[in-house]
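The values are calculated or read from the model by the stated rules, or taken from the named source; none is laboratory data. Predicted model only: the values in this text are computed from it and were never measured. Note: ideal-geometry Cβ built from the backbone for every residue, glycine included; neighbour counts use all protein chains shown.
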Amino acid sequence: MSARLPALPDFRRVVIKVGSSLLVDSAAGRLREDWLRALCEDIAWLHSGKRDILVVSSGAIALGRSVLKLPRGALALEDSQAAAAVGQIALARIWAETLATHGITAGQILVTLGDTEERRRYLNARSTIDRLLEWKSVPVINENDTVATNEIRYGDNDRLAARVATMTSADLLVLLSDIDGLYDAPPSAGGGANLVPVVERITPQIEAMAGASGSELSRGGMVTKIEAGKIATTAGTHMVIASGKTLHPLRAIADGGRCTWFLTPANPVTARKKWIAGALEPKGTLWIDQGAVAALRRGASLLPAGVKRIDGTFQRGDAVTIRDLDGIEIGRGLVAYDADDAARIIGRSSADIMMILGFSGRTEIVHRDDLVLTGH
C-alpha cells in the first residue's frame, strides 16, 4: 500500500464521470436536483482553484424516457436513440443552468467511438475541448446516443471517461458510482467483503474482484471500471472510484471518505511522450536548421520558420522524425499539418499561415507537448 495517497486538490485537470443512476431517480423518473446542485458546488470549489474540470455525464436516455413517459424495461435501439434525442436537450440545459449559478459556463460535446479512435476526429475533439478549457468553461461530454449503434458505441461511460481523460492529458479521473469502491468480493454476497483502498497496479487478481453490472440505468459495472482504470493508468492518469450517493461526493473524497484509488507511476505528459517515442511509426521527416535545433533543446515548440524541407506523405496527427540538416535525428513528434499544407508554410512566419493556407491552423508545426527529443 502506498505511503501517501493522492489528495484531490493536488490535481490540475480532473475528469468527473456521473452515471445515470446518480443523476436520475429511476422510481420517480425525475432528476435528483438536490444532488446535482451539491455536486456542482463541489465542481465550483475545484474550479475556483484554477483547475480544469471536465464532466462525462450519462442520463440522456433516462431523462428522455421520463419526458416521453416510456414504460420501464429494455428499449429497442431506435427507441433509445429517440429518447436520447429528447433527453440530451434536457441534460444540457440542466448542467448549463446549475453550473451557471456558480458563474461557470458549460459547453456540450457529444462524441461517438470514432471520435476518440480515429486520428483526425480525435484531434478535432481534443482541440475543441482544449479551447473550452482555455476559456475556463466546463465541457459536459456524453456519448452521442442518438446516432451510435450497438456495433459502434462504448456501451458505458466509464470507458468513455477514461478515453476523454487520456485524450485531454488529465491527471485524475473520478468515477462516481453507486458503490464506494472496489471490494475483494461482491459486497452483496452476505458480508465478508473488504474495500480495497488503493490499487497500485491492475493485476489479474484485481480484475477477478470485479463484480457484475449494477443498477438498471447503469450499463457499466465494476468490470468496465477496471477496464477504464487500465486505460487511464496506462496513459499516466490516476483514477478514483467513489460513491456518488452522498451529497457533495467530491468533498467527501477530499476529506478522506471511502473510495478506491488506482495509481499510475507516470504522468500524462511522460506517458504520452513514451507513446510517441516508442509506439508510433514515423510517416515522414522534417529537416530543421540549427536555430530550430537550439530552440527545441531549450524546450520550445517547432515553428514553421525553422523547417527547411519535408519528406514523406503524412497527415495531421501522424508521427514524424525531426532531423537537423546533417541528418542527425533530433527527435520525433506529432505533426499539426498534412504534408501538402506543411510544405506550403515551412520557412515562413507563423503569422503568415492564414494568408498562405486560407485558414488559421496551429502556430506550431509540432507542439512541444507532442515532441520527444532524442536522448531525452
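Among the residues of this structure, Thr285 does not count as one that is in contact with a Pro (Cβ under 8 Å, 6 or more places away or on another chain) and among the polar types (S, T, N, Q).
Do you know which residues across the range 40-60 are in a helix (DSSP H, G or I), under 24 Å from Thr128 (Cβ atoms) and among the hydrophobic types (A, V, I, L, M, F, W, C)?
Cys40, Ile43, Ala44, Leu46, Ala60 - these are the residues of the range 40-60 that are in a helix (DSSP H, G or I), under 24 Å from Thr128 (Cβ atoms) and among the hydrophobic types (A, V, I, L, M, F, W, C).
Tally up the residues in the range 66-83 that are buried (at least 18 other Cβ atoms within 10 Å of the Cβ) and out of contact with any strand residue (DSSP E or B) (no Cβ under 9 Å at 6 or more places or on another chain), please.
First, the residues of the range 66-83 that are buried (at least 18 other Cβ atoms within 10 Å of the Cβ): 66, 80-83.
Next cut, out of contact with any strand residue (DSSP E or B) (no Cβ under 9 Å at 6 or more places or on another chain) only: 80-83.
Number of matching residues: 4.
With respect to Leu296, determine if the residue is in the same structural domain as Val174 (by TED's automatic domain parsing), under 31 Å from the mean Cα position of the chain (by Cα), under 30 Å from Thr233 (Cα atoms) and among the aliphatic types (A, V, I, L, M).
Details: in the same structural domain as Val174 (by TED's automatic domain parsing): no; under 31 Å from the mean Cα position of the chain (by Cα): yes; under 30 Å from Thr233 (Cα atoms): yes; among the aliphatic types (A, V, I, L, M): yes.
It is false that Leu296 is in the same structural domain as Val174 (by TED's automatic domain parsing), under 31 Å from the mean Cα position of the chain (by Cα), under 30 Å from Thr233 (Cα atoms) and among the aliphatic types (A, V, I, L, M).
Within the range 313-360, the residues that satisfy the criterion of being in contact with a Lys or Arg (Cβ under 8 Å, 6 or more places away or on another chain) and within 11 Å of Pro282 (Cβ to Cβ) are Phe314, Asp318, Ala319, Val320, Thr321, Ile322, Glu329, Val335. Residues that are more than 18 Å from Asp341 (Cβ to Cβ) and of a type in the set (D, E, K, R) within the range 271-328 comprise Arg272, Lys273, Lys274, Glu281, Asp289, Arg297, Arg298, Arg323, Asp324, Asp326, listed in sequence order. One residue stands out in the range 130-166 among those that are assigned to a helix (DSSP H, G or I) and charged (D, E, K, R): the one that is modelled with the lowest pLDDT, namely Glu151.
Taken over the range 18-39, the criterion of being surrounded by fewer than 20 Cβ atoms within 10 Å (Cβ to Cβ) and in a strand (DSSP E or B) is satisfied by Asp25, Arg30, Leu31.
Of the residues making up the range 102-112, at least one is assigned by TED's automatic domain parsing to the domain that holds Asn157 and modelled with pLDDT under 85.
In the range 102-121, what residues are among the small types (Gly, Ala, Ser) and farther than 19 Å from Val138 by Cβ?
Gly114
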